Amino acid sequence: MQISYQPILPQNPQPIIIIGAGGIVSDAHLPAYKKAGFNVVGITNRTRARAEKLAAEWGIPNVYDTVADAVANAPANAVYDITIMPEKFVETLEQLPDGAGVLIQKPMGDYFWQSKEILEVCRRKNLAAAINCQLRFAPYVSAARDMIAQGLIGQLYDMEVRVTLTTPWELFPFVMVHPRLEIQYHSIHYIDLMRSFLGDPKSVMAKTLKHPAKELSSSRSTILFDYSDTMHAVINTNHDHAFGPHNQESFIKWEGTKGAIKARMGLLMDYPHGVPDKFEYCILEEGKSPEWKEIQLEGSWFPDAFIGTMSSLMRYKADETDVLPTHVEDVIKTMAVVESAYQSSDNGGVLIADQLKDLK
């Protein structure tokens, strides 16, 4: 079986300017770009010392005091990698050259009104703008996508994401205090992933919940998508499963009329250390009992998926492809689903009491 899952690299990678120097840059962006052979020529951060530290560690030749300085000194064909918090996206995008290529960290705004503001700036400035929804490019996701495209598991009718583990939110101090923590900053990955396989749902039903002994705004969610009367698509997350690794889970599962695929997202288990990923599939064969087989894939979500998002932007900007998978014009629809999930959670379901009110 031939499976294609490695990202297509640009023929002539453009130089990268990074705006922001947080943990995601050192943990994922810079390792990914080094692995891909991309050239990071400059970095800027609100706290210059953090930018200088990363520059020294990763051999970045230029550290800039401000975004304006970075733009003024950037190569004409530079692409910009924005890794700051969403409330700063609009003012940062306004400073970029019209027509520039830019990769923007997810989420595309903290609220849908911000998402629409970001989209407006990108349209007005004619930016080649993508959101860093990198889970789409994780090796196990790309492998599953290729198998499904080949028709190996038949017609897809069920897609599930399940996360049951302990997440150390304290590693993300600016995120853990967010009033929309779980869906906006975590399950958004899976919502975007669902859309990338299944298209846009008709509607969404959701509930996101707090833990009774924690200050977090939310740490568990269930999200159910309405696609048709045969497609079952659901996300279940529980970041409060503090009972050891024995029953922890972290997987994506696709089921079709001819077979199934299951991918373990090892990164999330014992984060940030992680455990090995696992990619399994089962193809039904007439007259034979179902048998699950495993394929060893190279790479993982971190850092390899970050190669995919940047590569797709560079190739799009260089006219090597006319497809930019995580274009702002596409991800705005992911943000619409996120917003709808929160509205569903806030508004609640059908009241059972209404069914009983006429009983005597």
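A few comments on the model shown:
- Loop-resident GluC sites (Glu not before Pro) (DSSP state other than H, G, I, E or B) in segment 182-289 with no more than 11 further Cβ atoms inside 10 Å of their Cβ: Glu215, Glu285, Glu286.
- Ala233 long-range amide H proximity, modeled H, under 5 Å: Met159, Phe225
- Extension gain (nm, one decimal) between Gln343 and Ala68, 0.36 nm per residue minus Cα-Cα: 95.2 nm
- Estimated distance in nm for a label pair at Glu329 and Gln296, the labels positioned 7 Å out from Cα along Cα-to-Cβ: 4.3
- Net charge of Cβ neighbours under 10 Å - reference Arg124; Lys, Arg +1; Asp, Glu -1: -1
- Label point at Val175 placed 7 Å out along Cα→Cβ; residues across segment 46-66 whose backbone nitrogen lies under 15 Å: none
- Taking the DSSP beta bridges with both ends in the chain, the antiparallel portion is around 60 percent.
- Here the translational diffusion coefficient of segment 139-298 follows from Stokes-Einstein with Rh set to the Kirkwood radius across Cα pairs; for 20 °C and 1.002 mPa s it amounts to 127 µm²/s.
- Estimated FRET transfer efficiency (Glu52, Tyr271; beta-carbon r; R0 25 Å; 0.05): 0.35
- Principal-axis tilt of helix 328-347 within the chain, Cα atoms, nearest 10 degrees: 50
- If you model the chain as an ellipsoid using its alpha carbon gyration tensor, with each semi-axis the square root of five times an eigenvalue, the axes come out at 34, 26, 20 Å, biggest first.
- Helix 304-317 and the long axis of the chain differ in direction by around 60°, with both axes built from C-alpha atoms.
- Helix 112-124 vs. the chain, principal-axis angle (Cα, 0 to 90°, nearest 10): 40
FYI, it's all coordinate maths here, none of it is from the lab. All values reported here derive from a predicted model rather than from experimental measurement. Cβ: placed from backbone, ideal geometry, glycine included. Neighbour counts: every protein chain shown.
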